[in-house]
C-alpha cells in the first residue's frame with residue numbers, strides 16, 4: 001500500500017482516531033509544528049519537529065473493545081470518538097500488525113469455544129477487551145483478556161489453539177473487570193500462561209512491562225525523545241535527579257549512569273514494582289523508586305528541605321497539578337526537563353513555572369503519534385538569571 005492509498009483507510013471517518021490521515025506526512029509535521037509554535041512559541045524558539053522515516057504500525061500496545069453489533073454479530077475494534085460504539089477494525093495503519101492478527105483470531109475463536117462478549121446495557125457476557133503488548137526489540141508478546149468474570153469456560157482448549165496459532169505469544173493474562181465504566185483493566189489479574197509480563201529493550205537497557213504499566217507506545221521515537229531529555233538535563237555525575245511520574249522507570253534508569261542518584265515516584269504501584277525490578281535487571285544501584293502522588297511527594301521533599309538538582313517530569317495528558325508545580329518552585333531545582341504529549345496543558349504549566357522564576361531554554365517537538373492530532377514536546381527550563 002503506497003502513501004496515497006494509506007490515506008484511504010476504510011475506518012477513518014467512523015473511527016476518528018487518525019485525524020490527520022487526509023494530509024501527507026510532510027503536511028502533518030507542518031501542522032504540528034505550527035500548533036506547538038502557537039502554544040509554546042511565547043516561551044522561546046521552537047526547534048523543527050522530529051518526524052519518523054516509517055510512520056506506520058508504530059503502536060506496540062494495541063487495545064480492542066469487543067461488543068455485539070445490531071445483528072448480534074461479534075465485533076472487535078476501536079471505540080468511535082467520544083462514544084462507546086465499537087467500530088469493527090481488522091487492521092489499523094497505526095497498530096502492530098501481529099497484534100491486530102491475534103485480536104482478529106480471538107474474535108473468531110469466541111463462538112467456537114462458546115464464549116460470550118460483554119453487553120454493557122444488560123451487564124451480561126464475558127469478554128470485554130483484549131490488550132496486546134509487543135516488545136519492539138525482544139519480540140515478546142503479551143495477551144491480556146479482560147473479562148467480566150474469572151470463570152473462563154474451555155480455558156485449556158482456548159489457550160492451546162491460541163498458542164498453537166501464534167507461537168510468538170510469550171504470556172497470557174486474564175484480567176477481571178466487573179465494574180461499570182470506561183477503565184480498561186480491573187484490579188485483579190491471573191497469569192494463564194508464561195510469566196505475566198514481557199521484557200523489552202530501550203536505550204540499551206532491559207525493561208519489564210506488566211499489563212497495567214505505562215510504557216511509551218512508539219519505541220523508535222521514544223529512544224530519540226529520551227536521549228534528547230537526558231542531553232538537555234546536562235548531567236555530570238554529581239546530581240540528584242527526581243523522575244516524577246516515572247512509570248516503569250524508563251527515563252530515570254536511562255539517565256542513571258550520568259547521575260549520582262535517581263529518585264522515581266509514580267502513582268501506579270504495579271509500575272513501581274516493575275521499576276524496582278528494572279533497576280535490578282540492569283544492575284543499577286543508584287536508583288530508588290516509590291509509589292505515591294508526585295505532588296504530595298514533592299511537598300514532602302520541600303518540607304524536609306530536600307532539593308533535587310534536576311527534575312524530569314512526564315505527566316499524563318491532563319498535565320501536572322498545581323500542588324506539584326508549587327512544590328517544584330519551593331525546592332527550586334537547577335534544571336527541569338518537562339516531557340508532555342499535550343502542548344495545551346504544557347503551556348498552562350510552563351506559564352506558572354515561568355511566573356515562579358524559571359526560563360524556558362529549549363523546546364523540541366517530537367512526532368510520537370503520526371496521523372493523529374497528538375504531538376509530544378520536551379522542554380528544558382532553568383532558573384532565570
| Which ranges mark the helices (runs of 4 or more DSSP H) fully within the stretch 216-317 that have 3 or more residues being closer than 25 Å to residue 329 by Cα? | 219-233, 250-255, 294-303
| Mind checking whether some residue in the stretch 252-267 is in contact with a strand residue (DSSP E or B) (Cβ under 8 Å, 6 or more places away or on another chain), buried (at least 24 other Cβ atoms within 10 Å of the Cβ) and under 17 Å from residue 211 (Cβ atoms)? | yes
| request: Could you grab me the full set of residues in the stretch 361-385 that are outside any loop (DSSP other than H, G, I, E, B) and surrounded by 21 or more Cβ atoms within 10 Å (Cβ to Cβ)? | output: 363, 364, 365, 366, 376, 377, 378, 379, 380, 381
| task | For residue 351, state whether it is at pLDDT 90 or above and within 16 Å of the chain's Cα centre (by Cα). | result | no
| Among the residues of the stretch 265-282, how many are without any contact (Cβ under 8 Å) to a residue 60 or more places away in the chain and more than 17 Å from the chain's Cα centre (by Cα)? | 3
| note | Scanning the stretch 127-139 for residues that are surrounded by fewer than 20 Cβ atoms within 10 Å (Cβ to Cβ) and in contact with a strand residue (DSSP E or B) (Cβ under 7 Å, 6 or more places away or on another chain) gives 136, 137, 138
| So how many residues does the stretch 318-353 have that are within 21 Å of residue 217 (Cβ to Cβ) and assigned to a helix (DSSP H, G or I)? | 4
| query | In the stretch 161-188, how many are in contact (Cβ under 8 Å) with a residue 60 or more places away in the chain, closer than 18 Å to residue 209 by Cβ and in a loop (DSSP other than H, G, I, E, B)? | reply | 2
| task | Determine if the stretch 99-122 includes at least one residue that is touching a residue at least 60 places away in the same chain (Cβ under 8 Å), in the same structural domain as residue 195 (by TED's automatic domain parsing) and part of a strand (DSSP E or B). | result | no
| remark: Of the listed residues (171, 236), the one being touching a strand residue (DSSP E or B) at 6+ places or on another chain (Cβ under 9 Å) and within 29 Å of residue 288 (Cβ to Cβ) is 171
| Of the criteria (1) surrounded by 22 or more Cβ atoms within 10 Å (Cβ to Cβ); (2) outside any loop (DSSP other than H, G, I, E, B), which one residue 156 fails | (1)
| remark: Here the residues within the stretch 36-54 that are assigned to a helix (DSSP H, G or I) and surrounded by 17 or more Cβ atoms within 10 Å (Cβ to Cβ) are 36, 39, 40, 43
| Being over 27 Å from residue 217 (Cα atoms), assigned to a loop (DSSP other than H, G, I, E, B) and modelled with pLDDT of 95 or more, is that true of even one residue in the stretch 123-136? | yes
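The values are calculated or read from the model by the stated rules, or taken from the named source; none is laboratory data. Keep in mind it's a predicted model, so treat the numbers as computed, not measured. Counting neighbours? That spans all protein chains shown, and the Cβs are built from the backbone with ideal geometry, glycine included.
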